[in-house]
Amino acid sequence: MTRAMEEKLPGKLIAVEGLDGSGKSTQIHLVHQWLQSKGYRVFFSEWNSSVLVREATRKGKKRQLLTPTTFSLIHATDFADRYERQILPLLRAGYLVLCDRYIFTAFARDAVRGCDPAWLRKMYGFARIPDITMLFRLPLAVALERILEGRPQLKYFEAGMDLDLSPDPTESFRIFQGRVLAEYLRMVDEFGFTVVDATQTVHRQQTAVRRLIQDRVDLGFFHKRYIQ
Amino acid sequence: MSPKHTYGMIPAGVDLGKLSGTLIAIEGPDSSGRSTQIALLTQWLEEQGHAVAQVGLRRSSLVGPELDKAKQGNILSPRTLGLFYATDFFDQMENRIVPALRAGFVVLADRYIYTLMARAIVRGAEPEWVASVYSMAIVPDAVFYMTISLSTLVQRTFQSHSELDYWESGMDCGLSRDWFQSFVRYQRKIRSEFFKMQKKYAFELVNANRSVAVVDRDLQGRIQLVLNQAEKLGARRVSRGRVSQ
C-alpha cells in the first residue's frame, strides 16, 4: 500500500466537484460520451456507488444512527473500496478515469459536520490528487432553486438535518449547502481546482471543459489503438 | 472520575469533559483468556458496587452484518476492511462507550483499537495512516495486554475449538498455505506489532500463561489501583468545585 503513492501511473484522473444542482454530473457525462466516441480508454466512477457499503450506509441513514465521525468513515470505506478495486488499477492500466465527486466532497461535507479537516486529509491520504479537478461554481441561490424546484422532498442527511441548523428541511438545506460551498471555495488553492462558471450554457461549459482536458492531457496516449 | 482525552483529534460532537467513568481495555489473542477474565472482572466490579458495561469489536449494529458478509467473501482490500472496522469501532465508541462513561460506568473493552491497528499493519497498511484514523479514539485509563507463549496459545486454541479460525490464522495474508504454519507466523507478526506499540500506548503486560485464578487476582489488583486513582481525582475535583461555589 505504501508504494502506490510514489509510483508514476500511466493513467489520468479527472474529477468534478460542486454543489448538487451545479450541473457537474451533466458535464462529466458529456465528457465521458465524447472520450468514448473518440475511442479513448476511459472509465467513469461515481461517489458512493459500491454495493457492499451502500447497504450499511442506507441502514445507518435510515435509522439516523450516524454521527459525523461514522458518517465520514462509512463514506471513506466506500471510497477506499472503489479506489483500490477500480480507480487505482485503471490508472495503472493507463485509463482516463472520470470521477463524479471525489475526496473533496468528503472534505467539504464532513468539515461542515464538524470533522477535523486535518483528520480527513490524513484518512484520505491514500488517494491521489487528480490531474484535473473542476469545481462547477454557481451562486448558492441558483443551485438551491434548481434543486428545490425539482424535488421538494429532501432526505434527512442531504438536507443536513443531523446538524440541527433548522427544524425546516428546506431552510436547513439552504444553510447546509451554503456552508458546503464555502468549504469548496476554501479548497480551490489548496488543491488547485479549475473553477468553471456553471451559470453559462451547458454547451459553452462543455466546450471549455473539453478544451481544458485537451490542453492538460496527451489524449493520443489513451487511444485504444495506441499500444503501451 | 478521570479526565478523558483522545489520541490527538477530537470527534465532532463528543464532550470529553463529561465522561466520568473508567475505561479499561483488555487486549490479547483469541484463547488468551480475555473473555473469561472480563466475565470474572465484571462479577468482581459489580460486587464492589461499580456499574459495568462490556464492549467488544464488531458488535455494533451499524456495519456488523455487512462486515460478516464481506469477511465471508473475503473480497475487501485490507484498507477497505480496515476502514470498515474503524467505522464499527467509532460507532461503538460514540453510541456505547461514551454514553456509558458519561453515566459513570466502568467500561471493559474486550479488545480495543490496538488489535485493529495491528491487524491492518500486518496486512500492509502504513502505521502512520492507521494511527491517524484512530487518533480520535478515547485513551483508556488502562490497557492490559495478555501475553501468552505460542505453544500455550496453540494448545489452548485446539482445546477449545479443535480447528483453527481463518482470520486468526491470517489465512488471507498469504503467509503459508499450511494453516498451522500460517497461524504461528500470523500470531508472531501481530505480537510483534503489539510490542512495537507497547511504549507509545502504555500497555501493561499480563502474563496469561498462568492459571485463570492467578491472572484474575493480578488484574483485580491492578484495576483496583486504577479505580483508586480515579476516585482520588474525582474527589479532588468535587472538593475544588465546592470551594469555588
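Any read-out appearing in this document is the output of simple, stated calculations on the displayed coordinates, not a laboratory observation. Every value quoted in this text rests on a predicted model; they were computed, and no experiment measured them. Please note: Cβ atoms are built from the backbone with ideal geometry, for glycine as well, and neighbour counts cover all protein chains shown.
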Note to self: Output the 0 to 90 degree angle, nearest 10, between the alpha-carbon long axis of helix A:68-82 and the longest principal axis computed from the alpha carbons of chain A.
What the structure shows: 20 degrees
Item checked: Along each principal axis, Cα extent of region B:114-245, largest first, Å -> 68, 39, 21
Next item on the list: Can you pull the one-decimal nm distance between simple spin-label points at A:Leu65 and A:Phe44, each 7 Å off the Cα toward Cβ?
Entry: 3.5 nm
Check: For the charge dipole of chain A, defined by +1 on Lys and Arg C-beta atoms and -1 on Asp and Glu C-beta atoms about the Cα centroid, which residue among A:Gln206, A:Val42, A:Gly178 has the Cα displaced farthest towards the positive pole?
Finding: A:Val42
Notebook entry, point to check: Around A:Glu183, with a cut-off of 15 angstrom between Cβ atoms, what is the net charge of the other residues, counting Lys and Arg +1 and Asp and Glu -1?
Noted result: +1
Next item on the list: Compute the projected area of the convex hull of the Cα atoms of chain B, averaged over all viewing directions, and report it in nm² to one decimal place.
Entry: 13.9 nm²
Next item on the list: Would you mind ranking B:Thr36, A:Thr201 so that the residue whose beta carbon has the fewest other beta carbons within 10 Å leads the list?
Entry: A:Thr201, B:Thr36
Margin query: Under 5 Å between amide hydrogens, which residues at least 5 positions from A:Phe44 or on another chain qualify, with H placed 1.01 Å from N in the peptide plane?
Written below: A:Leu98
Next item on the list: Beyond 24 Å between alpha-carbons counts as too far, so tell me which of A:Lys24/A:Lys59; B:Lys18/B:Lys232; A:Lys122/B:Lys200; B:Lys4/B:Lys200 fall in that bin.
Entry: A:Lys24/A:Lys59
Next item on the list: Report the local net charge at A:Ala198: Lys and Arg +1, Asp and Glu -1, summed over other residues whose C-beta lies under 9 Å from its C-beta.
Entry: +1
Margin query: Ignoring solvent entirely, what values of log10 I(q)/I(0) come out of the Debye formula for region A:149-228 at 0.18 Å⁻¹ when each Cα is a single scatterer?
Written below: -0.91
Check: Within chain A, what percent of beta bridges assigned by DSSP are antiparallel, to the nearest 5?
Finding: 5 percent
Notebook entry, point to check: Can you list the HN-Hα couplings for region A:213-222, worked out from phi with the Karplus curve (6.51, -1.76, 1.60; θ = phi - 60°), rounded to whole Hz and with x for Gly and Pro?
Noted result: 5, 4, 5, 9, 10, 7, 5, x, 4, 8
Notebook entry, point to check: Roughly how many debye, to the nearest 20, is the charge dipole of region A:100-228 about its Cα centre, given +1 on each Lys and Arg Cβ, -1 on each Asp and Glu Cβ, and no other charges?
Noted result: 580 debye
Next item on the list: Fewest Cβ neighbours within 10 Å first, please rank B:Thr22, A:Thr207 accordingly.
Entry: A:Thr207, B:Thr22
Check: For B:Leu205, A:Leu65, B:Leu76, what ranking results if the residue with the fewest other Cβ atoms within 10 Å of its Cβ goes first?
Finding: B:Leu205, A:Leu65, B:Leu76
Notebook entry, point to check: B:Leu225 to B:Ser149: extension gain in nm, 0.36 nm per residue of separation minus the Cα-Cα distance?
Noted result: 24.7 nm
Notebook entry, point to check: Once you have the alpha carbon radius of gyration of region A:60-178, what is it after dividing by 2.2 N^0.38 Å, with N set to its residue count?
Noted result: 1.18
Margin query: Given Cβ point charges of +1 (Lys, Arg) and -1 (Asp, Glu) and nothing else, what value in debye, to the nearest 20, does the dipole of chain B about its Cα centre take?
Written below: 660 debye
Check: Taking 1 over the mean of 1/r across every pair of different Cα atoms in region B:95-142, what Kirkwood radius in Å do you get?
Finding: 12.1 Å
Next item on the list: Kindly point out which whole DSSP H helices in chain B project their C-alpha atoms 18 angstrom or further along the helix axis while averaging a Kyte-Doolittle hydropathy of -0.5 or above.
Entry: B:34-47, B:78-92, B:212-244
Check: Considering amide H positions built from the backbone, and no H for Pro or chain starts, which residues 5 or more places from A:Thr133, or on another chain, come under 5 Å of its amide H?
Finding: A:Ala15, A:Thr194
Check: Looking at the square roots a ≥ b ≥ c of the eigenvalues of the Cα gyration tensor of the protein assembly as shown, which shape do they give, rounded for a/c under 1.5, prolate if a/b is larger than b/c, or oblate?
Finding: oblate
Margin query: Rounded to the nearest 20 debye, what is the charge dipole size of the protein assembly as shown about its Cα centre when +1 sits on each Lys and Arg Cβ and -1 on each Asp and Glu Cβ?
Written below: 620 debye
Notebook entry, point to check: What value does chain A have for Rg/Rh, both radii from Cα atoms and Rh as Kirkwood defines it?
Noted result: 0.96
Check: In nm, to one decimal, how far is the modelled label at B:Lys18 from the one at A:Arg210, with both set 7 Å along Cα→Cβ?
Finding: 5.8 nm
Checklist line | Local electrostatic count, B:Leu19, Cβ distance below 9 Å [Lys/Arg +1, Asp/Glu -1] | finding: +2
